[in-house]
């Protein structure tokens, strides 16, 4: 068995690098989950230097992007609320407020504006595919915009 040799800095960096893992019954779905690439902007700042809110936000962005990559052109990503009768909102934005708040911006099926403000310790998100509001419109993909912001190191300031 061959072992790679790492410097102390590389070992520390690898330890702090975010990792994701999933197992699916469908090998194709598993391959898509394995493709959960971490943008360089996320890895640039050490995990220990991130607030709970920033770290939760960054991982949510990756999950949303990955979910959207699996959608057809007739659906967009929405978020279902767990443990409440509030229903579903179409995700139109995601943000965080240090040290421990994550917020979702969107609209409900009737077109009403919504904003969910949630403490990271209470974070439960159900991503759901919902039909586009108008069939003739192209699907809006928030995950790609969120990921582009992470690539730039987007910390909002």
Looking across segment 37-69 at residues that are crowded, with 17+ Cβ neighbours inside 10 Å and not in a helix (DSSP H, G or I), the single one that is modelled with the lowest pLDDT is 39
Go through 116, 126 for me and flag whichever is part of a strand (DSSP E or B), modelled with pLDDT of 85 or more and exposed (fewer than 14 other Cβ atoms within 10 Å of the Cβ). 126
Is it true that residue 10 is at pLDDT below 80, surrounded by fewer than 16 Cβ atoms within 10 Å (Cβ to Cβ), part of a loop (DSSP other than H, G, I, E, B) and over 15 Å from the mean Cα position of the chain (by Cα)? no
Can you tell me which residue in segment 15-36 is modelled with the lowest pLDDT, limited to those that are within 25 Å of residue 92 (Cα to Cα) and part of a loop (DSSP other than H, G, I, E, B)? 35
Applying the selection to segment 97-113, what residues are closer than 24 Å to residue 51 by Cα and part of a loop (DSSP other than H, G, I, E, B)? 98, 99, 100
Quick check on residue 154: is it surrounded by 15 or more Cβ atoms within 10 Å (Cβ to Cβ), over 24 Å from residue 30 (Cβ atoms) and modelled with pLDDT under 85? yes
Report yes if some residue within segment 76-96 is modelled with pLDDT under 90, in contact with a strand residue (DSSP E or B) (Cβ under 9 Å, 6 or more places away or on another chain), in a loop (DSSP other than H, G, I, E, B) and within 25 Å of residue 31 (Cβ to Cβ); otherwise report no. no
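The values are calculated or read from the model by the stated rules, or taken from the named source; none is laboratory data. Small disclaimer: the values here were computed from a predicted structure and weren't measured. Cβ atoms come from the backbone with ideal geometry, glycine included; neighbour counts cover every protein chain shown.
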